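What follows draws every value from the coordinates through simple rules; no lab data is involved. From a predicted model like this one, the values you see are computed outputs, not experimental measurements. Using ideal geometry, Cβ is built from the backbone for each residue, glycine included, and neighbour counts are taken over all protein chains shown.
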Amino acid sequence: MKVEENVFYLKLFDLYRPLFSLTQQAVMEDFLAGDLTLSEIAQNQGISRQAVKDCVDKSLKKLKDIEDKLQLGKRIAALEQELKEAKSRNKKGDN
């Protein structure tokens, strides 16, 4: 996974974490934030590598589907951009 894609999913996961089971949360935390391999995650969780791969694939799809429907991540990014621009305008006005 590319760095930009990983950051995208990590932000979505932080936003939608409560919608996932505790096992899914642990696996995705290790995968996205911990940058662990599927084998390392499997060993840590005591499950098969295939189970980890299935969990990651389903969780990434779920994150994308949730974001497509709710678009909270997109809205937050837009608000952050507006705030950044407002601060920049305010800074220019102070000088």
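Positive contributions from Lys and Arg (+1) and negative ones from Asp and Glu (-1), summed over other residues with Cβ under 13 Å from the Cβ of Ala26, come out at -2. Can you give the log10 of the normalised intensity I(q)/I(0) at q = 0.25 Å⁻¹, computed with Debye over equal Cα scatterers of the stretch 54-95? Each listed q corresponds, in turn, to -0.80.
Take the Cβ atoms of Ile47 and Leu83, set R0 to 30 Å, and the FRET efficiency comes out at 0.15. In a simple Cβ point-charge model (Lys, Arg +1; Asp, Glu -1; nothing else charged), the stretch 3-70 has a dipole of about 260 debye relative to its Cα centre. Sorting 5-13, 67-75, 27-35 by average packing, meaning the other beta carbons within 10 Å per residue, from highest down gives 27-35, 5-13, 67-75. The relative contact order of the chain, computed from alpha carbon pairs under 8 Å that lie at least 6 residues apart in sequence, is 26 percent. Close lysine pairs were tallied over the chain: pairs 8 or more places apart or on different chains with Cα atoms under 21 Å apart number 26. Convex hull volume of the Cα atoms of the chain, normalised per residue: 111 Å³. Hydrophobic, long helices, defined as DSSP H runs whose alpha-carbon span along the helix axis is 18 Å or greater and whose mean Kyte-Doolittle value is at least -1.0, occur in the chain at 3-16, 49-70.
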